[in-house]
Amino acid sequence: MLVAGVAVPLVSFLLLALFGARLGKPASGWVATAAIATSCVLATIVLYQWHFAGVRPEPHVFTWANLGTIPLKVGVNLDSLTVIMFFMVTFIATWIHVFSIGYMAGHSDEVDGESKYHRFFAYLGLFCFSMLGLVIASSLLFLFIFWELVGLCSYLLIGYYFDKKSASNAAMKAFITNRVGDFGFIIGLGMVVLFLGDLTLDGAAKALRVQYAENGTLFAHSFLGLSLATWMGMLLFCGAIGKSAQFPLHVWLPDAMEGPTPVSALIHAATMVAAGVYLVARIFVLLTPEAQTFIAIIGCITLALAALIAIVQTDIKRVLAYSTISQLGYMILGMGLGAWIGALFHLLTHAFFKALMFLGSGQVIEGCHHEQDMRKMGGLRHKMPVTCWTFFIGVLAIAGAGIPMTQIGLGGFFSKDEILAVGWHRAYGQGEVDAAHEMEHAAAAMPGPWAQAQGAGHGAVTASDTPAGHGHEAAAGEHGEGHKVTPAWPAHRPGHWLLFLVPVVIAYVTPFYMMRAWWLTFMGKPRDEHVYHHAHESKLMYVPLIVLAVGTLFSSYFLFRPMVAEAVSEIGLQQALVASYDGGHHAEAGLAIDHDTHKYLSMIVGGAFVVGFLVAIAIYWNGLGLAERLARTFQPVHTLLVRKFYFDELYGAAFVGGVLVIKRLLYAFDKYIVDGIVNLSAAVTERLSRFAGNVLDARGVDGAVNGVGKLALELGGVVRTPQDGRIRNYILFALCGAGVVLLVVVRAWAS
Amino acid sequence: MLTIGLTHYLILAAFMFCCGLYVMTIKRNAVGILIGVELILNAASLNLVAFSRYKTGLLDGQIVALFVIVLAAAEAAIAIAIFVNYYNNLATIDVDRGDSLNG
């Protein structure tokens, strides 16, 4: 059924690609919407059957081709994570399609007298197809293929207004930056093929465990101090760095906002960029502790940088873009810390509220006649009440609003907390929390790290059986009997305090910049009469907003988290090389996360959104005046942030500049050396040909030819003398010949 | 009474051959040359028949002679066709006048 769900958008794409121009303006949009809505219905049915009726269809795997001795297996991977991701993608995509019809209606989209309206929806269909394919692919190879397809769609859609220079540049930037990451990814894939010999996720994970147990190539050899297994994990993660816009490849995402706003919402906020996180979730079973630390550090850097840059952005879409990068950083950090559930949970909640906010900004931009500068907005709440309040829900959600110490709160409140909670444990684990509880966590953290399959011996179950006082060594020892055990992922990691502290600080920054954006746009007094005057809402566009807002409010904790938690045991994370930190524990303990850790965190972070909001409101209460004074006071910092830490300039100098220098060198080489050789050879050829023409040809060749002719002529003159055409002469010759023959014969006869 | 034997035939055939050769050599009229060719052919045929009659006693010589007669007829037809064309072009059948190919 999910396969059918994948295929429907493809059909829509083909239809629109072939007949879109004839379908015309609104019709092609509705075709695409109908297709994705069908997928969404299918996804809902599957979700219902899976989650409530407990139906578990058999996975379907077959061999596509053989690569030498390695079978390339193709199949559909079905577990809770797939189902919930599939549902999320189709659901959001459906409403974004609806929104797009309204959004694109008001755009002039003629290029060379031909409407490209249908192209937009064709691309969206192709994107949905590839994204859904990516979600359900069970082998890394197919994951990679769909991965590249979504990259292509992203390129096409960013460059939708390709007649605009900045848009086509942004598209190229996105594509090229992604190539850098994908290069690492494909090397990683090569290592998987070479060392593990199996591209399916399960097979590769199994092979890796065997390798570890036997101390195989991947672990026995190291490069630059890290084992090959670690390198493999890091290289695979490179793909996620590119796609999820992580440091240092984050530069493309803000520029990608050149695309139409629905595209930003669907691809560059909710789904495609999250594919990187999804990839890490899938390859989690292949990651070594070192690789995880690497991932966590990358995520931590990203979330801090992006959040700081977001503070000073004035373009409403760019604020959202940087906040997306920052939130992706949270997810990646969560993955790196082992907060598998938390990261995916955050992915799902983020998809909803970020799509919501992007669509809201699309509404604003559309209503204000393509004005994206927040400094010119303000007071729009009167003109766009629905947009204003749905956007506010999004802001609350991303800020992690909730009431501390309770179960009441929005998605971001739980999901971000969950990541931070794990970070807390990593950093301060044993000291702060009461010993018995921590024990449980420690053991849960490594339900037999590097352990072979222990049947139902889940970490948490084992942990509760482990007598207190033995610590995690006991648990590890119990599982690791018979082969070498490395305490792979000790719960307590003093060096990790930064990985906890930075996200916590940024958790205060997030509400600030989101509130700033909201306040500047909707609150206060109108700052530009012209813009304000034009502002309006359209119905086709605010219905999706309301739907997504409701989704943001209610879906997350009841649906997403249990599904993700369920996926943990299905994928067998407990048996993974490195168990996810919260994996075993939460799979068993269910919602029991908010114990002590959560209590502390609630106090530290739970109020963050209030603080952030208040600061933002205080600064922007009276428009931009105070903000500008602050900017002047902290001039260097402000400039640094406005310049986005000079990444674009740095890359411009290092890579683009480097390429230009190489270009110039090559040009010089070309001009002086290659051209020199060519010119020299041309001159030599010319001389030679002149010599050949005048001397060799005229005297030698012509002479020979003419000589032969003359010879033939003279010979002919000699020979033709007897051929005078007189028959009696011929007969005379014949007679003479016959006489000679007769003479010879008679003489021979006689003797 | 003198019996006529092989020798007489051969002498007659040689005489006919020489006559044909002579005619071919001195005649300028194309039809005359054709008649010379016929004389030579008939001389050869006479030889064949005579040898067949007196030496082998079989009929192969006579059969070959029949072939020669048929071929001579065909040859005469072609030759006369050529002469007609010759006459159309040059208004004569004097073979010495057909020297336009001679540079």
Note: among A:281, A:256, just one is under 19 Å from residue A:150 (Cβ atoms), touching a Phe, Trp or Tyr at 6+ places or on another chain (Cβ under 9 Å) and in a helix (DSSP H, G or I), namely A:281
Requiring at least 2 residues that are closer than 27 Å to residue A:326 by Cα, the helices (runs of 4 or more DSSP H) wholly within the stretch A:146-249 are A:165-191, A:228-243
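Scan the stretch B:11-37 for residues that are outside any helix (DSSP H, G or I) and free of Cβ contacts under 8 Å to residues at least 60 places away in the same chain and report the count. Full working, then the answer.
Here is the first cut: in the stretch B:11-37, the residues outside any helix (DSSP H, G or I) are B:27-29.
So of that shortlist, the ones also free of Cβ contacts under 8 Å to residues at least 60 places away in the same chain come out as B:27.
The number of residues fulfilling the criteria is 1.
Does residue B:95 satisfy the criteria of being over 30 Å from residue A:716 (Cα atoms) and either more than 14 Å from every other protein chain (Cβ to nearest Cβ) or over 15 Å from the mean Cα position of the chain (by Cα) (or both)?
no
Whether any residue in the stretch B:49-64 is within 14 Å of another protein chain (Cβ to nearest Cβ), surrounded by fewer than 13 Cβ atoms within 10 Å (Cβ to Cβ), in contact (Cβ under 8 Å) with a residue 24 or more places away in the chain and in a helix (DSSP H, G or I) is what I want to check. Talk me through it step by step, then tell me what you get.
Step one: list which residues in the stretch B:49-64 are within 14 Å of another protein chain (Cβ to nearest Cβ), which gives none.
No - not one qualifying residue is present in the stretch B:49-64.
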Checked B:30, B:72 against criteria (surrounded by 13 or more Cβ atoms within 10 Å (Cβ to Cβ), in contact with a Leu (Cβ under 8 Å, 6 or more places away or on another chain) and at pLDDT below 95); the one match is B:72
Flagged in the stretch B:5-24 as buried (at least 16 other Cβ atoms within 10 Å of the Cβ) and either closer than 23 Å to residue B:96 by Cβ or of a type in the set (Gly, Ala, Ser) (or both), in numbering order, are B:13, B:20, B:21, B:23, B:24
Reported set for the stretch A:713-743 where residues are in a helix (DSSP H, G or I), more than 8 Å from every other protein chain (Cβ to nearest Cβ) and β-branched (Val, Ile, Thr) is A:718, A:719, A:740, A:741
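Okay, residues lined up against (1) surrounded by 10 or more Cβ atoms within 10 Å (Cβ to Cβ); (2) under 60 Å from the mean Cα position of the chain (by Cα); (3) not aliphatic (A, V, I, L, M):
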{"position": "A:662", "(1), (2), (3)": "yes, yes, no"}
{"position": "A:666", "(1), (2), (3)": "yes, yes, no"}
{"position": "A:684", "(1), (2), (3)": "yes, yes, no"}
{"position": "A:691", "(1), (2), (3)": "yes, no, yes"}
{"position": "A:698", "(1), (2), (3)": "yes, no, no"}
{"position": "A:706", "(1), (2), (3)": "yes, no, yes"}
{"position": "A:718", "(1), (2), (3)": "no, no, no"}
Picked from the stretch B:75-92 (must be small (Gly, Ala, Ser) and surrounded by 14 or more Cβ atoms within 10 Å (Cβ to Cβ)), the residue nearest to the other protein chains (Cβ to nearest Cβ) is B:79
Within the stretch A:231-248, the residues that are more than 17 Å from residue A:334 (Cβ to Cβ), surrounded by fewer than 24 Cβ atoms within 10 Å (Cβ to Cβ) and among the hydrophobic types (A, V, I, L, M, F, W, C) are A:231, A:234, A:235, A:238
Residues of the stretch B:15-37 being more than 11 Å from chain A (Cβ to nearest Cβ), in contact with a Gly (Cβ under 9 Å, 6 or more places away or on another chain) and under 19 Å from residue B:84 (Cβ atoms), in sequence order, are B:35
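The values are calculated or read from the model by the stated rules, or taken from the named source; none is laboratory data. This is a predicted model, so every value here is computed, not measured. Neighbour counts are summed over all protein chains in view; Cβ atoms, including those assigned to glycine, are modelled from backbone coordinates with ideal geometry.
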